[in-house]
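Each remark here refers to the structure printed beneath this line.
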Amino acid sequence: MNLVQLLSQNFAKYSSKPVIVFGENTWTYQDLEDQIRDYASLLNQIGIKKGDRIAIQMPKSVEFLFLHLAILSIGAISLPLNPDYRGSEIVYFLSDSSSNLFITTSDRLAQFQTEIQHLSNLQIILADQNSNPEYQPNILGSLLELVAQSPKEFVPTYSSGGNDIAMICYTSGTTGRSKGAMISHRNLIANMEALHEAWQWQDSDRLLHVLPLFHVHGLNVAVLGCLYAGATMIMVEKFEPRSAWRALEREQISIFMAVPTIYQRLISSWQDLESTPDLSKMRLFISGSAPLSDRQFDDFEKLTDFRILERYGMTETGMNASNPIDPKQRLPKSVGFPLKGVEILIVDSNGKSLRDGEVGEVWIRGENVFQGYWQMPDKTKESFVDGWFRSGDLGYVDPQGRLYLVSRAKELIITGGFNVYPKEIENILESHKSVKESAVIGIPDQDFGEKVVAAIAFHEGLQVPLEDLIGHCKVSLASYKCPKQVFEVSEIPRNAMGKIQKHLLKIGL
Ligand code: AMP
């Protein structure tokens, strides 16, 4: 089935109910259906067909959502792109995907207009008014005006479904070329249904949406969860901790989704609040996309009485595992149990299945798993073994079946023949009261092959000599695991989803 066709049942059922509140404006489910139809009508009018690729590089907005859902409704393929991507990155994504249409803002376009002129198939729509009128080729006009003029008698076709591709999401790509993960309608639906059940979504739920829309976390997990439940989302363009606390209270929010960096900022801002926020309608604080530390889990619980529910997913697979809905069953460090329909296997480097407690690569199978990398058959082949997707994450499963992640396979450090999982060291460093955050990496070493090195950022005013931190590690860790060197940084580099960019730290060494 087509994802938007499935969601359209709710457009009819909840027609007069608010679905999105953004700034001063509210859209009902009926408005959403009308908007999707008008956007789809525009796409149809300009010749977009089933399977065509449409790249969206827009600020967070309701128009982004209308456009994305309209693309899926006519069987075309949506390519959400980070607004922060620069010229050369954009040129790569547009040419690699042979995109037929690109929606961007005029200031961004001005930065790479010469580079994309040779992409002859590409039509462009501006998400704002054209502030650059000299640039003509391929620009169809501005999005809102074009939508307003689109034929109103259009009826959606829902021409794709099942294994047809709905989205191509380029992976963050910290090394090598970024790969376009092809995600089908079936993948999206399977994941949406599994999460609906796991998190017991209700039509009475109200979601505070603070995440970007260009990543699967904000676009699929959050938005689709809400639409499939017939719930309401309060969208904010930019996260700011104090206003988020106030919005949780004022908007009677029941579900909040974020990455650990956002939880850290919420924790740090708590002491600056004039009054304790009333969270009586709150049901679930959910975290993912990067590891939540035990300290963040504990600190948040101490302040709010809520145990954060951590889940694990990735662009290629959607969500794989989640902590249970029962707060008492949620454990720090664990990303929980496999979701319904998802199988998880832990294997050694020969692909042999390992026992409980043994660390190996996490392999994933299920209807959530993507269809391969766009035009990279070799990379796709390398990533699958007998229908299992090799996630590149290292982890283990406890006797109860809970999954624990220890690091990305590429971040594993092998020093003097011993495996060191950076997260174990980072947890110890962060248990020191002076350390705000840390990142442990391996750097080439003549004697050991690699040596363990840590970058740390101090809490303001709590600096201690760096050797003290090595001493602190020695109390709890075997010496081969202890950093041989610790260096201070003002902050640990992260991407928009809060993932630590370890390759950037290595450049500094
Ligand atoms: P992305 O495809 O950008 O969403 O990145 C996926 C990667 O993020 C996974 O392969 C994991 O390495 C990491 N990740 C996602 N959720 C978690 C989590 N709860 N804990 C630790 N790492 C996570």
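The values are calculated or read from the model by the stated rules, or taken from the named source; none is laboratory data. All values derive from a computational prediction rather than experimental measurement. Cβ sites come from the backbone with ideal geometry, for glycine too, and all protein chains shown count toward neighbours.
Some notes on this structure:
- Residue in region 362-377 that is within 15 Å of the ligand (Cβ to nearest atom), farther than 17 Å from Lys340 by Cα and surrounded by fewer than 20 Cβ atoms within 10 Å (Cβ to Cβ) present: no
- Filter pass, Glu467 being farther than 25 Å from Val210 by Cα and either in contact with a helix residue (DSSP H, G or I) (Cβ under 6 Å, 6 or more places away or on another chain) or touching a residue at least 24 places away in the same chain (Cβ under 8 Å) (or both): no
- Any hit, region 396-403, residues being more than 15 Å from the ligand (Cβ to nearest atom) and part of a strand (DSSP E or B): no
- Sole exception among (1) within 13 Å of the ligand (Cβ to nearest atom); (2) in a helix (DSSP H, G or I); (3) not charged (D, E, K, R) for Phe389, by number: (2)
- Candidate set: region 283-318, residues that are near the ligand (Cβ under 6 Å from one of its atoms) and of a type in the set (A, V, I, L, M, F, W, C); chosen: the one modelled with the lowest pLDDT: Ala290
- Close Cβ contacts (under 6 Å, 6 or more residues apart or on different chains) running from residues in region 4-18 that are at pLDDT below 95 to residues that are assigned to a helix (DSSP H, G or I) are absent.
Table: residues versus (1) within 16 Å of the ligand (Cβ to nearest atom); (2) touching a Cys at 6+ places or on another chain (Cβ under 6 Å); (3) among the β-branched types (Val, Ile, Thr).
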| residue | (1), (2), (3) |
| --- | --- |
| Leu405 | yes, no, no |
| Tyr421 | yes, no, no |
| Ser431 | no, no, no |
| Ser434 | no, no, no |
| Phe448 | no, no, no |
| Glu460 | no, no, no |
| Leu477 | no, no, no |
| Val486 | no, no, yes |
| Gln501 | yes, no, no |
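- Matching option when the condition is in contact with a Ser or Thr (Cβ under 9 Å, 6 or more places away or on another chain), more than 16 Å from the ligand (Cβ to nearest atom) and not small (Gly, Ala, Ser), among Pro277, Pro338: Pro277
- Extreme residue, farthest from Tyr170 (Cα to Cα), among residues of region 319-335 that are within 14 Å of the ligand (Cβ to nearest atom) and out of contact with any Leu (no Cβ under 7 Å at 6 or more places or on another chain): Leu331
- Within region 42-73, the set of residues being at positive phi and in contact with a Ser or Thr (Cβ under 9 Å, 6 or more places away or on another chain) comprises just one member, Gly51.
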